[in-house]
Amino acid sequence: MSAEEHSSFIQTPQQLVVVVLLAFLVPVFGILMIVHLVVDRPRADPAAMTPEAIAARIQPLGRVEFVDAGRAAAGARSGEEVVKAVCAACHATGVAGAPKIGDKAAWAPLIRRGLDKMLAVAITGEKAMPPRGGAPDLTDLELARAIVFMANQSGGNLKEPAEAAAKPAAKK
């Protein structure tokens, strides 16, 4: 009789118990994962599939607008519209030292200088502020209205400029 010894990686009864348990648990776990994959399909938020939400996700990063540089002041935007569209980018948060809208202490010295001087600075730019607040299409009247709106929100009591009053201020 030739005695060939067979060797196995299971040497103790504890190892046998572990192997038997794993031989049972691993397939059961695999089956449960497959069932879960088949039965529970991924769901999207229904609000994410509305046409408005889709349009918001795929909107272009920027756009080009051609503006008539000599447009009439009759269609001029209000001070609040200009502030929301242009000025609030810096003046709402105080970026680069811009006086925050509503900060009476920061606006007090500027208000004392008067609308004409504030308008002249807004037209030419100062420190980190670019000329016309970075919106070259703004008319002098629109700039003046925006300044009055921000100053009045910050403790000032300036009067909204009329169209004729804004033009001489721009010539200074």
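None of the figures in this text is laboratory data; all of them are computed from the coordinates on show. Bear in mind the structure is a predicted one, so any value in this text is a computation, not a measurement. So basically every Cβ, Gly included, is an ideal-geometry build from the backbone, and we count neighbours across all protein chains shown.
Observations, loosely collected:
- Shape category assigned to segment 76-171 from the gyration tensor of Cα positions, a/c cut at 1.5: rounded
- In percent, rounded to a whole number, the relative contact order of the chain is 20, using alpha-carbon pairs under 8 Å and six or more apart.
- Helical segments meeting 18 Å axial Cα length and Kyte-Doolittle 1.0 threshold in the chain (DSSP H): 13-39
- Here the peptides 29-39, 103-113 are ranked by packing, the mean other Cβ count within 10 Å, and the order with the highest first is 103-113, 29-39.
- Stretch gain in nm, segment Ala89-Val17, where the contour uses 0.36 nm per residue and the Cα spacing is subtracted: 19.0 nm
- Alpha carbon Rg of the chain, scaled by the compact-globule rule 2.2 N^0.38 Å: 2.27
- Listed residues Pro27, Pro60, Pro51, most fluctuating in the chain (Gaussian network, C-alpha, under 10 Å): Pro27
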